[in-house]
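Read through the structure below, which is laid out as C-alpha cells, and then see the notes.
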Amino acid sequence: MKAFKKIVCQETSPFAIRAERASDVPAREALLDASFGTNRYARTCQRLRDGHAPAQGLAFSAFHQGRLVGTVRLWHISAGGVSALVLGPLAVDPSCRKLGVGAALMHHAVVAAKARGHAAIILLGDASYYARFGFSALKTSELSLPGPFERERLLGLELREGALNGAWGMIAATGAKARKSRSHAAAAAKLAASVA
Ligand SMILES: CC(C)(COP(=O)(O)OP(=O)(O)OC[C@H]1O[C@@H](n2cnc3c(N)ncnc32)[C@H](O)[C@@H]1OP(=O)(O)O)[C@@H](O)C(=O)NCCC(=O)NCCS
C-alpha cells in the first residue's frame with residue numbers, strides 16, 4: 001500500500017475544490033488505497049474505468065491547507081443504450097470527514113456534469129448517503145453492471161428529465177482510452193495478483 005500521510009482537518013480552515021491535475025495522482029491513489037483497500041481494483045465499478053480516461057473536465061480534487069483531502073471523478077458509460085456518466089470513486093480523507101467535503105465534491109461534480117450537457121449519472125453506493133444529492137434506485141432497476149453488485153446500491157440521477165426512462169440492459173464503458181501510465185500498469189498488476 002502506498003504511503004498515506006495522516007493529516008488533521010481543522011473545521012475552521014476552509015477547503016477548496018478544483019479540477020484534478022496530474023500532480024494530484026499520487027496523493028489521490030494513496031487516499032483511495034486508504035479508503036477502499038488495495039483490492040479496490042477488483043470492484044465491479046472498476047470494470048467501467050479500466051483503461052479509460054475520466055470524462056472531460058469531470059475529475060476533481062478537494063484541498064485543505066495545501067493537501068489533497070478528497071477526490072471524485074465521472075466516466076462515460078452507456079446505461080443500456082442511454083449515454084450517461086458513472087460517478088466514482090468518491091473519497092474523503094478520514095480525518096476530514098463529516099465536514100461537508102464529500103457533499104461539496106458531489107455538488108461540484110453534479111453541477112459540472114449538468115453544465116457540460118450530460119443527461120444522467122449512475123453510481124454504486126449507499127442510498128442513505130447519496131439520496132441527499134437526488135440519487136435513487138427508481139430508474140435503475142432494469143440496469144446491470146459487468147460483475148457482482150447489490151441491486152439496491154445501483155442508483156441514478158437524471159440531469160435531464162426523463163433521461164433514464166426505460167433504461168434497460170448492461171452498463172458499459174464508452175469513454176476515451178486512457179494513456180498508459182505507471183499507475184495504470186501497477187493497477188493492472190494488482191488486479192492480476194488479486195484474481196490469481
Ligand atoms: C462517504 C464519504 C465520501 C463522505 O465524505 P464526508 O466528507 O464525510 O461527507 P459529508 O461531510 O458531506 O457528509 C457526512 C455525513 O454523511 C454520512 N455518511 C457518510 N458515509 C455514509 C454512508 N455510507 N451512508 C450513510 N451516510 C453516510 C456521515 O455519517 C455524515 O452524517 P452527518 O452529517 O449526519 O454527521 C467518506 O465517508 C468516505 O470517503 N468514505 C470512504 C469511501 C466511501 O465509502 N466512498 C463512498 C462509496 S459509496
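The values are calculated or read from the model by the stated rules, or taken from the named source; none is laboratory data. Since the model is a prediction, treat every value here as computed from it, not as a measurement. Here the Cβ positions follow ideal geometry from the backbone for every residue, glycine too, while neighbour counts run over all protein chains shown.
Numbers for the structure displayed
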{"item": "From Leu99, Leu31, residue being over 18 Å from Thr174 (Cα atoms), touching a residue at least 24 places away in the same chain (Cβ under 8 Å) and assigned to a helix (DSSP H, G or I)", "result": "Leu31"}
{"item": "Positions within the stretch 112-136 being loosely packed, with under 14 Cβ neighbours inside 10 Å and either within 6 Å of the ligand (Cβ to nearest atom) or within 17 Å of Thr71 (Cβ to Cβ) (or both), in sequence order", "result": "Asp126, Ser128"}
{"item": "Some residue of the stretch 91-102 being within 13 Å of the ligand (Cβ to nearest atom), modelled with pLDDT of 95 or more, within 13 Å of the chain's Cα centre (by Cα) and not hydrophobic (A, V, I, L, M, F, W, C)", "result": "yes"}
{"item": "Filter pass, Val8 being away from the ligand (no atom under 11 Å from the Cβ) and at pLDDT 95 or above", "result": "no"}
{"item": "In the stretch 61-80, residue modelled with the lowest pLDDT [restricted to those that are closer than 27 Å to Gly162 by Cβ and buried (at least 21 other Cβ atoms within 10 Å of the Cβ)]", "result": "Ala79"}
{"item": "Test set (1) closer than 28 Å to Leu68 by Cβ; (2) surrounded by 14 or more Cβ atoms within 10 Å (Cβ to Cβ); (3) away from the ligand (no atom under 16 Å from the Cβ) - Arg179 fails condition number", "result": "(2)"}
{"item": "Condition check for Ala112: modelled with pLDDT of 95 or more and over 22 Å from Arg47 (Cα atoms)", "result": "yes"}
{"item": "Leading residue by the ranking (nearest to the ligand (Cβ to nearest atom)) among those in the stretch 137-153 that are of a type in the set (Ser, Thr, Tyr) and assigned to a loop (DSSP other than H, G, I, E, B)", "result": "Thr140"}
{"item": "Of all residues in the stretch 51-90 being assigned to a loop (DSSP other than H, G, I, E, B) and more than 25 Å from Lys139 (Cα to Cα), the one that is nearest to the ligand (Cβ to nearest atom)", "result": "Gln65"}
{"item": "Positions within the stretch 56-67 being over 11 Å from the mean Cα position of the chain (by Cα) and not charged (D, E, K, R), in sequence order", "result": "Gln56, Gly57, Ser61, Ala62, Phe63, His64, Gln65, Gly66"}
